[in-house]
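The values are calculated or read from the model by the stated rules, or taken from the named source; none is laboratory data. Keep in mind that what you see is a predicted model, and the values were worked out from it rather than measured. As a convention, Cβ positions derive from the backbone with ideal geometry for all residues, glycine included, and neighbour counts pool all protein chains shown. We work out accessible area using only protein heavy atoms, side chains counted, and drop any ligands, DNA or RNA first. Shrake-Rupley method; radii C 1.70, N 1.55, O 1.52, S 1.80 Å.
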Amino acid sequence: MTTTGSRPAVRHRPACPTCHTTLDDDASAARLREELRTAWWSTSDQDPGRITVTRHCGHCQPHTVYIVVCLVCGDGPILAGQLARDVLDSHPQRLPAAVVDELTRTGWRPAVTTHATGWVCGQPTPDHGHGAV
């Protein structure tokens, strides 16, 4: 007589694609999943005009950063490495051409509000003036 048993459920634990950190408890795994939602933009010395998007956990995230924030929703990419240094070292602070090109290519647009001058992302929400989702 053959019996079939059920296999124990295998739980998928997220891993950082950069440093391969994994976390065992549910709360830490949830935090890691949230951290990995952030897009980190950088360039390489070999191709300084091309944006590379990476994902990092709290253990391996870069520390020289500049955050590009949508004036409407508050989301946006984090510039790392040389891109961040280029913005932080400019007076007044200006985004490098590669960043402006990538923002524009991905649907962002420059905007001026009564409170600030900056960028608005291309997310289709009523708050962004693009109509309903």
Single condition Ala27 does not satisfy, out of (1) open to solvent by less than 80 Å² (accessible area, probe 1.4 Å); (2) at pLDDT below 90; (3) under 27 Å from Gln123 (Cα atoms) | (3)
Just checking, how many residues over region 50-70 are open to solvent by less than 60 Å² (accessible area, probe 1.4 Å) and either assigned to a helix (DSSP H, G or I) or touching a Ser or Thr at 6+ places or on another chain (Cβ under 7 Å) (or both)?
-> 6
Report the residue count in region 97-114 for those that are exposed (fewer than 14 other Cβ atoms within 10 Å of the Cβ), touching a residue at least 40 places away in the same chain (Cβ under 8 Å) and either within 18 Å of Val87 (Cα to Cα) or under 16 Å from the mean Cα position of the chain (by Cα) (or both).
-> 1
Considering each residue of region 113-133, count those that are among the hydrophobic types (A, V, I, L, M, F, W, C) and at pLDDT 90 or above, and give that number.
-> 3
Before we move on, is Leu79 assigned to a strand (DSSP E or B) and either touching a strand residue (DSSP E or B) at 6+ places or on another chain (Cβ under 6 Å) or modelled with pLDDT of 95 or more (or both)?
-> yes
